[in-house]
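First comes the structure, then the notes that go with it.
The values are calculated or read from the model by the stated rules, or taken from the named source; none is laboratory data. Quick caveat, the model's predicted, so the values are computed rather than measured. Every residue, glycine as well, gets a Cβ built from its backbone with ideal geometry; the counts of neighbours run over all protein chains shown. Accessible surface is based on the protein model in full, side chains and every heavy atom, while ligands, DNA and RNA are left aside. Shrake-Rupley method; radii C 1.70, N 1.55, O 1.52, S 1.80 Å.
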Amino acid sequence: MAMQRGVTIWFTGLSGSGKSTIARALEAELRQRGCQLEVLDGDIVRTNLTKGLGFSKADRDENIRRIGFVSHLLTRNGVMVLVSAISPYRNAREEVRDRIEEFVEVFVDAPLSVCEDRDVKGLYKKARAGEIKQFTGIDDPYEAPLTPEVHCHTDQQTVDESVAQIIGQLEAMGYLTPMAAVA
Ligand code: ADP
């Protein structure tokens, strides 16, 4: 079997846009195909690797830098790394992209109003009430990717459609062999 090419698949978007949901569904699909992968979920990372960091720009940048560091180590050893992190600052994402090189940016996009209606973790309600400060989309910026490799509109497409879109891009970029070509 050919050596798997490592790649970091980086999900960025507002809280509640669907990053973790799509990453989990993609994980299942990739495991079925026998890929070696690792998942770095922003919320989990913040309870260990980047524990203690807050939500100032400096702390957010540091959070992304550390996730990027680990992603790079894994990627260069042939692992597929699925990162889901709001990662609101374009420069921080570009820095990680430049370091890792094998990088697929997935913009998980839904209007703020949709994310707020979903309010999966009840955080938007708290942010609107002023109980949480520096919440992305409310009182903290989100800089959308300008040229992401994949742009998912989760208010208009299903999770499965987003996964298929990402798989198609991974195939086009040579990180996955199209299923039809697997004998
Ligand atoms: P994030 O990781 O971006 O904070 P989550 O994946 O935790 O977001 O939450 C997204 C929520 O939106 C989930 O409850 C998910 O079931 C829901 N959802 C509804 N439609 C979609 C879709 N098309 N793609 C992804 N998530 C969706």
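For region 29-62: of the residues being away from the ligand (no atom under 14 Å from the Cβ) and small (Gly, Ala, Ser), which is nearest to Ile138 (Cα to Cα)?
Selected residue: Ser56.
Which of the residues that make up region 17-54 are of a type in the set (Ser, Thr, Tyr) and open to solvent by 20 Å² or more (accessible area, probe 1.4 Å)? I'd like the intermediate steps shown before the answer.
Narrowing region 17-54 to residues of a type in the set (Ser, Thr, Tyr): 17, 20-21, 47, 50.
Residues satisfying the conditions are Ser20, Thr21, Thr47.
If you go through region 55-73, how many residues are touching a residue at least 60 places away in the same chain (Cβ under 8 Å) and open to solvent by 20 Å² or more (accessible area, probe 1.4 Å)?
3
Report yes if Ser71 is within 15 Å of the ligand (Cβ to nearest atom) and not hydrophobic (A, V, I, L, M, F, W, C), otherwise no.
On the way: within 15 Å of the ligand (Cβ to nearest atom): no; not hydrophobic (A, V, I, L, M, F, W, C): yes.
Against the criterion (within 15 Å of the ligand (Cβ to nearest atom) and not hydrophobic (A, V, I, L, M, F, W, C)), Ser71 does not qualify.
Here are the criteria: (1) part of a loop (DSSP other than H, G, I, E, B); (2) loosely packed, with under 15 Cβ neighbours inside 10 Å; (3) not aliphatic (A, V, I, L, M). Tell me which single one Asp160 does not satisfy.
Among (1) part of a loop (DSSP other than H, G, I, E, B); (2) loosely packed, with under 15 Cβ neighbours inside 10 Å; (3) not aliphatic (A, V, I, L, M), Asp160 violates only (1).
Restricting the first residue to region 156-174 and requiring it to be more than 9 Å from the ligand (Cβ to nearest atom), which pairs with a second residue that is part of a helix (DSSP H, G or I) and open to solvent by 40 Å² or more (accessible area, probe 1.4 Å) meet a Cβ separation below 8 Å and a spacing of at least six or different chains?
Listed pairs, sorted by first residue: Val163/Glu29; Ile167/Glu29.
So which residues in region 121-141 are open to solvent by 30 Å² or more (accessible area, probe 1.4 Å) and out of contact with any Ser or Thr (no Cβ under 9 Å at 6 or more places or on another chain), if there are any at all?
Passing the criteria: Lys125, Lys126, Arg128, Ala129, Gly130, Glu131, Ile132, Lys133, Ile138, Asp139, Pro141.
Can you confirm whether Thr12 is open to solvent by 30 Å² or more (accessible area, probe 1.4 Å), within 15 Å of the ligand (Cβ to nearest atom) and not basic (Lys, Arg)?
Values: open to solvent by 30 Å² or more (accessible area, probe 1.4 Å): no; within 15 Å of the ligand (Cβ to nearest atom): yes; not basic (Lys, Arg): yes.
In short, no.
Could you tell me which of the residues Glu116, Glu131, Glu105 is within 30 Å of Met80 (Cα to Cα), modelled with pLDDT of 95 or more, more than 11 Å from the ligand (Cβ to nearest atom) and charged (D, E, K, R)?
Details: Glu116 fails: within 30 Å of Met80 (Cα to Cα); Glu131 fails: within 30 Å of Met80 (Cα to Cα).
Just one listed residue meets the conditions, Glu105.
May I ask you to say which residue of Tyr142, Tyr124, Tyr175 is under 25 Å from Leu30 (Cα atoms) and at pLDDT 95 or above?
Tyr175 is the lone residue from the list that is under 25 Å from Leu30 (Cα atoms) and at pLDDT 95 or above.
Where residues in region 143-157 are among the polar types (S, T, N, Q) and out of contact with any Ser or Thr (no Cβ under 7 Å at 6 or more places or on another chain), which of them is surrounded by the most Cβ atoms within 10 Å (Cβ to Cβ)?
The first filter runs over region 143-157 and keeps only residues among the polar types (S, T, N, Q), leaving 147, 154, 156-157.
From the residues that got through so far, the ones that are out of contact with any Ser or Thr (no Cβ under 7 Å at 6 or more places or on another chain) too are 147, 156-157.
On the way: Thr147: 7, Gln156: 10, Gln157: 13.
Selected residue: Gln157.
How many of the residues making up region 145-169 are touching a Lys or Arg at 6+ places or on another chain (Cβ under 8 Å) and small (Gly, Ala, Ser)?
Going through region 145-169 one residue at a time, the tally reaches 0.
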